[in-house]
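Below is one structure, written out as structure tokens; comments come after it.
The values are calculated or read from the model by the stated rules, or taken from the named source; none is laboratory data. It should be emphasised that the depicted structure is a prediction, and the values quoted were computed from it without experimental measurement. Heads up, the Cβs are rebuilt from the backbone with ideal geometry, glycines too, and the neighbour counts pull from every protein chain shown. When the accessible area is computed, the model is the full protein with side chains, heavy atoms only, and any ligands, DNA or RNA have been set aside. Shrake-Rupley method; radii C 1.70, N 1.55, O 1.52, S 1.80 Å.
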Amino acid sequence: MEFSLFWAINILITIYLVVDSKKTGKNPVLWGIMGFLFGIITLSIYLIRTGRKILGWILLVLAIIFMLLFFLFIFAILFMSFSYI
């Protein structure tokens, strides 16, 4: 379920980046591929580069915080599972 939600969000971000990059004169293929692979971080960088800096920086900081929390959570699970051996 969560995995499909992740892909759905990445596809929506990709569609938005392709459509909007055509309007702003950017390369839609490049932004589409990057949006599909890196998702919210690419959207944040795109927003910063196209003049919507406040929203872009907020999204970028939130994405970095959630990624760090995710990696710490995974590390904690691995640490706890190996500590019982």
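Assorted remarks:
- Nitroxide proxy distance, nm - points 7 Å out along Cα→Cβ at Leu68 and Met80: 2.2 nm
- Angle in degrees between helix 53-83 and the longest Cα principal axis of the chain, rounded to the nearest 10: 20 degrees
- On a per residue basis, the chain carries 77 Å² of accessible surface, using protein heavy atoms and a 1.4 Å probe.
- A dipole drawn for the chain from +1 and -1 charges on Cβ atoms has a positive end, and of Leu37, Ile15, Ala63 the residue lying farthest that way is Ile15.
- Cα gyration tensor category, rounded, prolate or oblate, for the stretch 1-74 with a/c compared to 1.5: oblate
- Separation of the Ser4 and Phe38 label points, Cα + 7 Å toward Cβ, nm: 2.9 nm
- Angle in degrees between helix 40-49 and the longest Cα principal axis of the chain, rounded to the nearest 10: 40 degrees
- Note on the chain: with charges restricted to the Cβ of Lys and Arg (+1) and Asp and Glu (-1), its dipole about the Cα centre is near 460 debye.
- The chain: angle of helix 28-38 to the longest principal axis, Cα-based, in degrees nearest 10: 10 degrees
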